[in-house]
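Take a look at the structure below.
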Amino acid sequence: MFTQLMLKDYAMVGMNNTFGNPKEDLKNIIDKFENHMGSLYKFTKDDEIKKSIQDAKTLWIPIKQILILDPTKENAGKLQKDLDLLLKAADNTTKLFAKQTGKQSGEIINIAGRQRMLSQRMASLYMLKVWGINDSQFTQKMDKSMSLFKASLEKLIAYEKNTEEISKLLNSAKKSFMFFEFMNKSKSKFIPTLIYKKSNDILKNMNAATGLYTKIENG
């Protein structure tokens with residue numbers, strides 16, 4: 001999630017769009033990403049997970065050097081590729097943690113958590129397009145992200161342990177996702193502020209749902 005949030009904020013700052021204060025948000029996300037990596041590394045006793053986190057740290061160092069500089073279109077293309085590699089490394093770590101629980105609810109938490117990332121990935125991809133960053137794989141990446149988000153959302157909605165509160169959050173996320181479906185089919189260029197808001201709405205709902213799924217597991 002953080003990898004895509006950083007990319008979205010980077011593009012917003014590059015376009016000189018101040019909606020949501022992306023410059024300050026980017027700084028906060030950088031700090032949170034580093035703190036979370038450190039906390040996870042201290043928390044786990046598993047050598048395989050520790051190595052996975054260390055691999056992510058190695059990728060992170062040069063990425064941070066780009067993020068703290070003033071955004072440019074030249075750096076945006078490289079940043080997207082490097083953050084995709086970091087995303088894969090972080091996803092591997094997440095899967096290792098989920099696998100370690102050995103419970104079905106661990107998988108559900110993983111899926112719900114991934115939805116947060118996908119909401120920001122859809123937004124960051126489209127933000128780069130609006131900024132004018134040429135990406136020959138844009139359509140493929142967007143379609144893949146949207147298909148995965150939709151299939152995952154349907155699986156979450158059908159989960160038999162959903163509470164009324166979780167169902168409400170999932171339905172709200174579904175309504176916001178309809179905007180992305182419409183956006184992807186339309187040839188019109190949507191304003192970045194609208195993309196920013198809708199992606200954050202999904203993030204907020206899915207973050208709350210992930211927390212509730214975690215309580216179900218621990219309860």
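Of all residues in the stretch 85-105, those that are farther than 13 Å from residue 49 by Cα have Cβ atoms under 6 Å from Cβ atoms of residues that are at pLDDT below 85, 6 or more apart or on another chain, in 105/217. Give me a count of the residues in the stretch 19-58 that are more than 30 Å from residue 193 (Cα to Cα) and either touching a residue at least 12 places away in the same chain (Cβ under 8 Å) or of a type outside the set (Val, Ile, Thr) (or both). Qualifying residue count for the region: 20.
Taking every residue in the stretch 110-127 that is farther than 10 Å from residue 5 by Cβ and pairing it with any residue that is charged (D, E, K, R) and surrounded by fewer than 24 Cβ atoms within 10 Å (Cβ to Cβ), at least 6 positions away or on another chain, the pairs with Cβ-Cβ distances below 8 Å are 110/95; 111/155; 114/91; 125/135; 125/141. If residue 183 satisfies all but one of (1) modelled with pLDDT under 90; (2) surrounded by fewer than 17 Cβ atoms within 10 Å (Cβ to Cβ), what's the number of the condition it fails? It fails just one condition, (2).
Within the stretch 150-194, the set of residues being out of contact with any helix residue (DSSP H, G or I) (no Cβ under 9 Å at 6 or more places or on another chain), in a helix (DSSP H, G or I) and over 19 Å from residue 205 (Cα atoms) comprises 182, 185. Quick check, is residue 163 over 17 Å from residue 126 (Cβ atoms) and β-branched (Val, Ile, Thr)? Yes, satisfied.
When residue 81 is tested against (1) within 17 Å of the chain's Cα centre (by Cα); (2) surrounded by 12 or more Cβ atoms within 10 Å (Cβ to Cβ); (3) under 27 Å from residue 129 (Cβ atoms), just one condition goes unmet, and that condition is (2).
The values are calculated or read from the model by the stated rules, or taken from the named source; none is laboratory data. Predicted model only: the values in this text are computed from it and were never measured. With ideal geometry, Cβ positions are generated from the backbone for all residues, glycine too; neighbour counts draw on all protein chains shown.
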